[in-house]
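All remarks here apply to the structure that follows.
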Amino acid sequence: MSTIRLESQLPAEGDQEKTAPGLQGAFDSSTSELIPGTKTVEVSSVHKSFAGKKVVDEFSFEVKAGEIFGMVGPNGAGKTTTIRMLMDIIRPDSGEVRILGEPLNESTKDKIGYLPEERGLYRKVTVAELLGYLARLKNTTTGKISPRIDNLLERLGMLPHKTKKEEQLSRGMGQIIQFIATLVHDPQLVVLDEPFSGLNPVNRQTLKELVLELKNAGKTLVLSTHQMNEVEELCDRVLMINKGKVVLYGELSEVRSRFRNNSIFLECEGPIGELTGVVRQKSHGQFMGYFSMETTRHRTS
Amino acid sequence: MNKALIILKHELGQTVRRKSFIHLTVSIPLIAILGMLVYQIIQGMEAEPEKEEERIGYVDATGMFNDYKEADGITFIHYSTQDKAKGDLLAEEIDEYFIIPENYLATGQVIRYTTERELQASSKIRQQISEFLLNNLLDDKTSEELLQRVKQPLNLASLQLDETTGEITESPNPVSAIFVPYIFGLLFIFSIFFTSGYLLQSVSEEKENRVIEILLSSVSARQLLAGKVLGLGAAGLLQIVVWLVTIVVFAKVASMNIPVLSDLSVCCLPLSSPGWAPSPAQPGRANSGLACSPCPPSCLSS
């Protein structure tokens with residue numbers, strides 16, 4: 001006898017909590033220069049290959065001001081490469097990337113906060129020195145650096161550790177400092193590459209609250225993840241990629257409305273048996289795809 | 001502010017606070033000071049009371065050398081036979097003696113006897129005996145002025161003429177012209193070696209700590225490298241300045257305490273002798289055209 005557990009992966013609209021009471025006020029919406037709805041990021045026909053292998057194949061998408069844009073896909077899909085091209089760390093083979101209405105340059109770099117997937121800090125430098133240095137590299141006005149560092153450290157409970165070196169902090173504390181380093185210059189666009197990977201549950205929740213508060217403050221966020229539930233929880237629009245190709249791109253609500261009634265995940269122990277309406281089935285490794293008469297795919301694991 | 005400048009300041013600040021940098025910068029002066037202390041200690045252990053006057057015997061088979069027996073710090077004592085001179089030497093009545101044979105004028109040979117173990121006679125002894133011989137040989141045969149010129153025939157002053165105008169140009173101190181580039185070159189090589197090591201360490205640390213991607217999201221690779229190279233280069237120059245100041249101070253102190261160094265005075269360095277000129281003739285001292293004017297230690301304090 002088999003048991004089947006049905007679980008909807010797409011919560012209904014309005015389910016998500018979009019306030020972070022403990023962190024409200026950390027980001028000043030008055031500093032946002034973005035007009036909601038304008039294009040903050042424009043990626044046009046971007047292509048990138050490494051050693052002849054297409055890693056990013058003709059990507060085109062836009063990120064609107066004030067939204068949280070999610071890039072979702074499995075490992076090796078091309079998320080990090082795309083983000084590195086957004087940050088001008090690597091150059092695309094072809095295509096164009098425009099940030100805040102212009103090609104990426106020194107001026108626009110200063111308006112971007114970036115949390116890379118591989119992240120770390122100087123181990124022998126104090127928290128205050130490190131944050132000050134990174135803020136100055138973003139051309140932050142000298143007078144604003146110290147108050148802003150104190151403000152962020154205080155709101156995230158890290159003020160007592162201001163004079164400590166990174167090597168004296170726990171891993172979780174280091175993660176918080178990395179988030180603060182991303183935001184210390186009050187960026188207009190925040191790019192987070194796999195922000196929740198490797199985090200403990202407390203910091204994961206803290207970062208989610210931060211992300212939502214940034215959105216409430218009018219900032220634009222781009223985040224990548226391979227967890228669909230994180231995208232659903234936080235993002236307004238989504239770009240789903242796989243093996244360097246865009247699979248899905250659009251409003252999360254639209255995606256939800258298109259696939260809510262047709263796509264379910266089944267987790268079962270033993271044979272699933274016969275399903276009503278299934279006319280065809282196809283194996284995808286550990287997954288099994290079932291197709292109804294409407295050619296909508298059902299997956300089971 | 002230019003981002004390369006921000007990186008420069010950061011790298012400079014971080015480097016000068018590194019333990020390895022501090023150890024290296026301080027160790028060279030410490031080694032110099034230790035070397036000087038060791039020298040002083042050894043000198044103190046080996047120091048013998050200076051003789052007030054040296055007594056040198058001689059046996060003259062020519063009969064030509066009877067005058068000028070008193071020279072600066074030396075008394076020449078005439079012996080009629082070698083046995084007497086030898087007896088006094090063994091009795092430590094005299095420090096050494098020499099024999100002027102009958103055929104001296106033809107050969108110029110003088111035979112010297114001493115109880116000291118030495119490779120060769122010291123330059124001071126050679127000069128004193130030479131002057132004794134010369135004074136006696138030319139006595140009553142020439143004027144005092146000519147005698148001085150025979151003793152010291154060359155006091156060379158070299159001046160450089162401009163190839164086009166033919167006017168005298170100010171030539172730099174030849175010693176500083178030769179040695180200062182060597183010293184600076186050596187210091188720069190050291191500095192380049194050490195700072196390139198710091199650069200490698202800095203870049204690998206940033207890669208290891210995974211900070212490099214955060215930095216590259218704020219600055220270009222060119223700015224990052226320029227800031228690092230300039231910052232670490234500035235740290236290297238700072239190290240050189242510390243070492244140079246140490247060399248000057250050390251040389252000043254050492255030249256007061258170590259006689260050998262007083263002749264190799266640091267007056268040759270441009271730091272202390274901006275206006276070098278050929279030195280005037282000094283009585284009793286050979287003056288080579290290439291020699292730097294011997295400068296007393298006090299020249300450093302001016």
ask   = Which residues, counting only those in the range A:157-172, are farther than 14 Å from A:Ala128 by Cβ and not small (Gly, Ala, Ser)?
value = A:Glu167, A:Arg171
inquiry  = Against the definition (surrounded by fewer than 18 Cβ atoms within 10 Å (Cβ to Cβ), over 13 Å from A:Leu183 (Cα atoms) and out of contact with any strand residue (DSSP E or B) (no Cβ under 9 Å at 6 or more places or on another chain)), how does A:Glu96 come out, yes or no?
reply    = no
note = The helices (runs of 4 or more DSSP H) lying entirely within the range B:68-185 that contain at least 1 residues which are small (Gly, Ala, Ser), touching a Phe, Trp or Tyr at 6+ places or on another chain (Cβ under 9 Å) and farther than 30 Å from B:Leu244 by Cβ are B:82-90
query = Since B:Ile214 meets every condition but one in (1) under 20 Å from A:Glu166 (Cβ atoms); (2) surrounded by fewer than 19 Cβ atoms within 10 Å (Cβ to Cβ), which condition does it not meet?
reply = (2)
ask   = What is the number of the single condition among (1) within 14 Å of chain B (Cβ to nearest Cβ); (2) farther than 28 Å from A:Glu232 by Cα; (3) of a type in the set (A, V, I, L, M, F, W, C) that A:Ala51 does not meet?
value = (1)
remark   = Going through the range A:107-138 in order, the residues found to be without any contact (Cβ under 8 Å) to a residue 24 or more places away in the chain, more than 21 Å from B:Val16 (Cβ to Cβ) and more than 9 Å from chain B (Cβ to nearest Cβ) are A:Ser107, A:Thr108
task = State yes or no: is B:Gly166 among the small types (Gly, Ala, Ser) and not assigned by TED's automatic domain parsing to the domain that holds B:Trp243?
result = yes
request  = For A:Thr182, indicate whether it is within 11 Å of chain B (Cβ to nearest Cβ), under 28 Å from A:Val63 (Cα atoms) and among the polar types (S, T, N, Q).
outcome  = yes
query = If you scan the range A:229-245, which residues turn out to be aliphatic (A, V, I, L, M) and over 11 Å from the mean Cα position of the chain (by Cα)?
reply = A:Met240, A:Ile241
message = Looking for something under 30 Å from B:Gly236 (Cα atoms), free of Cβ contacts under 8 Å to residues at least 60 places away in the same chain and among the hydrophobic types (A, V, I, L, M, F, W, C) - is there at least one such residue anywhere in the range B:35-54?
response = yes
inquiry  = Please verify whether B:Lys151 is away from every other protein chain (no Cβ under 14 Å) and exposed (fewer than 15 other Cβ atoms within 10 Å of the Cβ), treating the condition exactly as stated.
reply    = no
query = Scanning the range B:189-237 for residues that are part of a helix (DSSP H, G or I) and of a type in the set (Lys, Arg), which turns out nearest to the other protein chains (Cβ to nearest Cβ)?
reply = B:Lys207
task = Return yes when B:Glu163 is surrounded by fewer than 13 Cβ atoms within 10 Å (Cβ to Cβ), away from chain A (no Cβ under 14 Å) and more than 27 Å from the chain's Cα centre (by Cα) and no when it is not.
result = yes
Residue satisfying all of: in the range A:139-169; of a type in the set (S, T, N, Q) and touching a residue at least 24 places away in the same chain (Cβ under 8 Å); farthest from the other protein chains (Cβ to nearest Cβ) among these = A:Asn151
note = So, first residue within 14 Å of chain A (Cβ to nearest Cβ) in the range B:2-29, second residue hydroxyl-bearing (Ser, Thr, Tyr) and assigned to a helix (DSSP H, G or I), Cβ within less than 7 Å, six or more apart or across chains; the pairs are B:His10/A:Tyr133; B:Glu11/B:Ser202; B:Thr15/B:Tyr198; B:Phe21/B:Thr15
query = Residue check, A:Ile272 against (1) assigned by TED's automatic domain parsing to the domain that holds A:Ile177; (2) surrounded by 14 or more Cβ atoms within 10 Å (Cβ to Cβ); (3) at pLDDT below 80, all met but one. Which one?
reply = (1)
query = Taking the range A:66-89 as the search range and keeping residues that are within 24 Å of B:Val219 (Cα to Cα) and among the hydrophobic types (A, V, I, L, M, F, W, C), which one is surrounded by the fewest Cβ atoms within 10 Å (Cβ to Cβ)?
reply = A:Ile89
request  = Have a look at B:Leu133, B:Leu156, B:Leu105 and point out the one that is more than 30 Å from B:Ile240 (Cβ to Cβ) and either surrounded by 13 or more Cβ atoms within 10 Å (Cβ to Cβ) or in the same structural domain as B:Leu232 (by TED's automatic domain parsing) (or both).
outcome  = B:Leu133
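The values are calculated or read from the model by the stated rules, or taken from the named source; none is laboratory data. Here the structure is a predicted model, which means the values were calculated and not measured. Counting neighbours? That spans all protein chains shown, and the Cβs are built from the backbone with ideal geometry, glycine included.
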